[in-house]
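To start, the structure itself, in C-alpha cells.
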Amino acid sequence: TWFTALVIAGAMAAMMSSSDSMLLSGSSYLTRDLYRPLTGRNDASDEATDRREALVARLGVVAFATLSFIASLYTPGTLVQIGDTAFSGFAQLTVPVALALYWQGTTRTGMYAGVVGSQVFYGLHVFPVIATVGGLVGLDVALPTAYLGWTPGIVGILVGLVLTVAVSLVTAPAAAENRTAYAVTGIESD
C-alpha cells in the first residue's frame, strides 16, 4: 500500500506541475498579449496598474482552470488521453510562433489568424458539445476523426500554417509593428 501511495503521489505531482505551467502560461498570454495591448499599456510603470494587471492574471488563472474543468467533463478519458488532448491543443501554437520568429513576413494579423484558426479547428474536433451547439443553430456538421489517417491535431497545425502564411501575405504590418523585434536573424555557425 505504501508503494501505491508513492506512485499516486508521483503521478499527482507530475500532473500538478504540468497544470501549473499551463495555467501560468495562459495567464501570461492573457495579460501580456491581450490585456496590455487592449488597454494601451506597453510598459509596467505605476503600482496601481501593476496591481490591476496582477488581478487580471489571477482572474485569468481562475477562468482557465474553470474552463479546463468544464472541458474535462465533456471529454472523459485516461490521464494519457487527456494529456494527449492538451498537448495537441498547445501544439497548435507551434507553427505560427515559429513563423513569427524565423520568417520576417509574418504579420500580427497573420499570427492571430493562424493561432485562432487552428485552435478553433482543433476545438471543434475535440469537444463534441460544440458540434451539438452548432446543431442548435442549424450548423449540424459531422466532423471526421481523421483526415487520410492524420489526426485533427496534426491537421490543425497545417491549418495554422496555411492561415498564418496566407493572411500575412495579404495584410500589411501595423504601423507600430516592428517585424524584426523578435525575429531570429543573423545566426551564424562557427
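Key figures for this structure:
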read-out: Residue-span extension gain [residue 127 to residue 112] - 0.36 nm each, minus C-alpha spacing; value: 3.2 nm
read-out: 82, 8 arranged by Cβ crowding within 10 Å, fewest neighbours leading; value: 8, 82
read-out: Two-decimal ratio, the stretch 1-74, of alpha-carbon radius of gyration to 2.2 N^0.38 Å; value: 1.49
read-out: Whole-number D in µm²/s for the stretch 69-116 (Stokes-Einstein; Kirkwood sum over Cα pairs; 10 °C, 1.306 mPa s); value: 128 µm²/s
read-out: Sorted by Cβ density within 10 Å, fewest first, the residues 87, 127, 64, 69; value: 69, 87, 127, 64
read-out: Relative exposure of 67, 124, judged by other C-beta atoms within 10 Å (fewest first); value: 67, 124
read-out: Simple spin-label estimate for residue 21 and residue 81 in nanometres, 7 Å along Cα-Cβ; value: 2.4 nm
read-out: Difference of contour (0.36 nm per residue) and Cα-Cα distance, residue 154 to residue 59; value: 31.1 nm
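A short reminder: the numbers here are calculations on the coordinates, not readings from a lab. Please read these numbers as outputs of a predicted model, since none were measured by experiment. Reconstructed Cβ throughout: ideal geometry from the backbone, glycine too, with neighbour counts over all protein chains shown.
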